[in-house]
Amino acid sequence: MKPAKATATAAPKTARAKDQNQDKDKPNGLSSLLQRFGTTFVELPLWDSAPARWLALLGGLAMFALVVTVPLDFWQQVGFAAVCFALAVWLNKVKGHLATLMMVVLSIAASSRYMYWRLTETVGLGGWIDAAFGIGLVLAELYAFVVLMLGYFQTAWPLKRRPVPMPADIASWPTVDIFIPTYNEPLSVVKPTVFAAMSLDWPRDKINVYVLDDGRRDEFREFCEKVGVTHITRNHNRHAKAGNINEALKSTHGEYVAIFDCDHIPTRSFLQICMGWFLKDRKLAMLQTPHYFFSPDPFEKNLRTFQEVPNEGELFYGLVQDGNDLWDATFFCGSCAIIRRAPLLEVGGIAVETVTEDAHTALKLHRKGYGTAYLAIPQAAGLATESLSGHVGQRIRWARGMAQICRVDNPLFGPGLSLPQRLCYLNAMLHFFYGLPRLVFLTAPLAYLLFGAHVIQASALTIAIFALPHLLHANMTNSRIQGKFRHSFWNEVYESVLAWYIMRPVLVAFVNPAAGKFNVTPKGGVIEEAYFDWVISRPYLVLLLFNLLGVVVGFLRLFLWNQFEATTVVLNLIWTFYNLIILGASIAVASETRQIRVAHRVAMTLPATLHFADGRALVCETIDFAEGGIGMRLPPGMIATVGEPVQISLYLQDDEHIFPAKVVFQGETHTGLELAEMSPREELAFVQCTFARADAWIDSWGRKRPDAPGLAAGQILRIGLLGFHNVMFHLGREMRRLLRRPEPGASAN
């Protein structure tokens, strides 16, 4: 899939072609033959003629419409679906991008044929129960179909932009202001970000670091004065983070502004990696890098999948933003980004009309004709939300903000955007409307099992021969495209957990955009004791009970009431069992595990030297580190004594930095050190040697096991069963607690 017109602000034509050809999967055999055929076909002189291109497009659309609409009897449809699926299975084994695009075409055909059949042959308006449930389901399916099509458009051809080197003449490098907005986060969270910002590889006279403290705390002011950065406050908190940044723009003067959330620690290479594109493309207004998290989010923590399964945000930062970049539609994400000051001031600063000020700001820049870019290279790392309730609150804000943009500044309308940009923004907005459709899918089979409603006016076998190709093609194609950044079936878990909570704010914000307010996502907290979050899990528990009731009634229908519709009953029971597994996994996320560490450990192997008080020195390596400690791997046969004072040397290029520490743990495979209290200079050096290393996060970005749908299905099944176990365990504990509670007024004896 190529854009009709390359946008100069996204990438020069030569760079675009070079990046698109950098496919790690080198073609061979059938793959090579397929690619040679595709290249030869595309390069035919015929395509230099505009009429020929239009005729080919119209002919292709006519053939596609024929494939989608031609009526087939039962066995003809079975044969057609089998041939298409066999072709997709073969293509899935062929390396290269052309095979991926062909799989996309097959998936679009299967899904379009299903939706055409659904809309023209299966929507019945006989009884009001059938009509109500039936129309609700078909609308949910239509929403999913549109999002699927837009998703293919957005992700089928990621740009894979590469850095542009900075000019050798440092005098030509621009001035940069580093903004670190903060409100109520503890100083321990903000310190590493400030030290890392001070360590950026950039001329000292061309960079200034500003802590934008909306909490107006003396502790922060004193820290900033001690380390030599500027502390900026204001006497109000209007417009939250957006207002905080806009106020700082008034008293700063750098040509560029780099913004980091106060827990996002930049690597020293951030500016040199990112700034080259601004010097190459003068219409570029914003460049975004990934949000990478070195701590687990609630899904990863509670389900113990950290560094094994891609988290909820990796699909967006690993693939979607790269796909947006092809169409010059990269979104600003509020942190880990650079913005050119002049265009930002031209659009009135950071947008304040909605609570997703970042995406709205990018939209305003695009409307003015400025370009944006994305570098899929993690150059900063931060803290994920600790609890499920905090995670849900953050997603509610994002969802509300996108609904507000949909109302107050809809990208489909208004000036300044290309059609691809409008489609990318449309998909971003539609994504957050999934709450109601997801709840429909989680309850749809209950319409028949509990009320006898026929929501699809067709036999069960006919439904299967149209629906299965649609589902199988979509899952296989998305697994191929997204496999590095999203495993199969996990999307259902993420959406099911959030669906109930984002549905109402999205609908309310769409009707009344002024409703709601900005909420700060808490970071750096602890969870003292494991517990089950009964409040946050209440919607899943209710849905779980209804689906269990549906299973009971379904078996009664199968053996007593509806034996003449056995196939229909079985189909709905299978759907209900699938929903039960997804709901079980959603409930499992609500079992909060303990988190008593304020400072999260980061797994990283670095060369080190351990110095003992008696003069011995051991060359060793780190296993992990945190702000207050280091895990070490000593040479075989060497041990350290718990409580022994030591010094640890870490290295940054040719420089050695020595930190005082104490041995607090000695195990079979590693030694634990607790760092002594450090001076600001030592804290700066420690951050430079650890969090701010240029290569700190490269090795762990996009390196998780690629998707294997069978393994993913087994994993979701195990997690779903874990959710059922957790409910029974915590319910039993609550019952025992209630039974042990003394009667009011009873004697303690």
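Against the longest principal axis of the chain, how steep is helix 218-227, in degrees 0 to 90 to the nearest 10, with axes from Cα atoms? The two axes meet at around 60 degrees.
For Glu219 and Arg705 in one chain, what is 0.36 nm times their gap in residues minus the Cα-Cα distance, to one decimal in nm?
Working: separation 486, 0.36 × 486 = 174.96 nm, distance 4.39 nm.
Separation in residues times 0.36 nm, less the Cα-Cα distance, equals 170.6 nm.
Per residue, the chain exposes 45 Å² of solvent-accessible protein surface, assessed with a 1.4 angstrom probe and all protein chains in place.
Given the pairs Lys93/Lys484; Lys662/Lys704; Lys93/Lys160; Lys160/Lys250; Lys280/Lys368; Lys241/Lys484, which span a C-alpha to C-alpha distance of over 27 angstrom in this model? Spell out each step's value before the answer.
Numbers: Lys93/Lys484 16 Å; Lys662/Lys704 34 Å; Lys93/Lys160 23 Å; Lys160/Lys250 35 Å; Lys280/Lys368 19 Å; Lys241/Lys484 33 Å.
Result: Lys662/Lys704; Lys160/Lys250; Lys241/Lys484 exceed 27 Å.
Normalising the average separation of contacting C-alpha pairs (under 8 angstrom, six or more residues apart) by the number of residues puts the relative contact order of the chain at 15 percent. How tilted is helix 240-250 with respect to the longest principal axis of the chain? Cα atoms for both, answer in degrees (0 to 90, nearest 10). Tilt relative to the chain: about 50 degrees.
When you filter the GluC sites (Glu not before Pro) in segment 230-302 for DSSP loop state and at most 15 other Cβ atoms inside 10 Å of their Cβ, you are left with Glu255. Put a dot 7 Å past the Cα of Thr609, heading toward its Cβ, do the same for His236, and the two dots end up 5.8 nm apart. For the pair segment 644-693 / segment 115-182, the C-alpha centres are spaced 45 Å from each other. Our coupling estimate for segment 393-407, obtained by passing each phi through the Karplus curve with A = 6.51, B = -1.76, C = 1.60 and θ = phi - 60°, is x, 5, 5, 4, 4, 4, 5, 4, x, 5, 5, 5, 4, 4, 8 Hz, Gly and Pro reported as x. Backbone phi angles across segment 627-643, fed through the Karplus curve with coefficients 6.51, -1.76 and 1.60 (θ = phi - 60°), yield HN-Hα couplings of 5, x, x, 9, x, 10, 10, 8, x, x, x, 9, 9, 10, 8, 4, x Hz in residue order; Gly and Pro are listed as x.
May I ask for the net charge around Thr622, where only other residues with Cβ less than 11 Å from the Cβ of Thr622 are counted and Lys, Arg are +1 while Asp, Glu are -1?
Numbers: positive: Arg601, Arg633; negative: Glu621, Asp624.
Computed value for this residue: 0.
Can you give the calculated 222 nm mean residue ellipticity of the chain, where each DSSP H run of n ≥ 4 adds -39,500 (n - 2.57) and the sum is split over every residue, rounded to the nearest 500 deg cm²/dmol? The helix-only estimate for the chain comes to -16000 deg cm²/dmol at 222 nm.
Dipole of the chain computed with +1 at Lys/Arg Cβ and -1 at Asp/Glu Cβ about the Cα centre; of Ala242, Gly702, Leu543, farthest Cα towards the positive end is Leu543.
Taking the charge dipole of the chain about its Cα centre, with +1 at Lys and Arg Cβ atoms and -1 at Asp and Glu Cβ atoms, the residue from Phe293, Leu711, Ile639 reaching farthest to the positive side is Leu711.
Computed from label points 7 Å out along Cα-Cβ, the spacing between Glu621 and Phe306 is 2.1 nm. Straightening the chain between Val535 and Thr669 buys 44.1 nm, computed as 0.36 nm per residue apart minus the Cα-Cα spacing.
Would you mind getting me the FRET efficiency between Leu58 and Ser459? Use the beta-carbon distance for r and R0 = 30 Å, nearest 0.05. With R0 = 30 Å, the Cβ-Cβ based efficiency is 0.25. Taking the accessible area of the chain, probe 1.4 Å, and keeping the other protein chains in place, the carbon and sulfur fraction comes to 63%. With Cα atoms as the point set, the radius of gyration and Dmax of the chain evaluate to 28.3, 97 Å. Of the trypsin sites (Lys or Arg not before Pro) found in segment 48-123, those in coil by DSSP whose Cβ has at most 16 other Cβ atoms within 10 Å are Lys93.
Taking 0.36 nm per residue of separation and subtracting the Cα-Cα distance, full extension of the segment from Thr567 to Leu468 would add 34.1 nm.
The values are calculated or read from the model by the stated rules, or taken from the named source; none is laboratory data. Note that the structure is predicted; figures quoted are calculated from it, not measured. Virtual Cβ from ideal backbone geometry, glycine too; neighbours counted across all protein chains shown. To get the accessible areas, we keep the full protein, side chains included, count just its heavy atoms, and leave off ligands, DNA and RNA. Shrake-Rupley method; radii C 1.70, N 1.55, O 1.52, S 1.80 Å.
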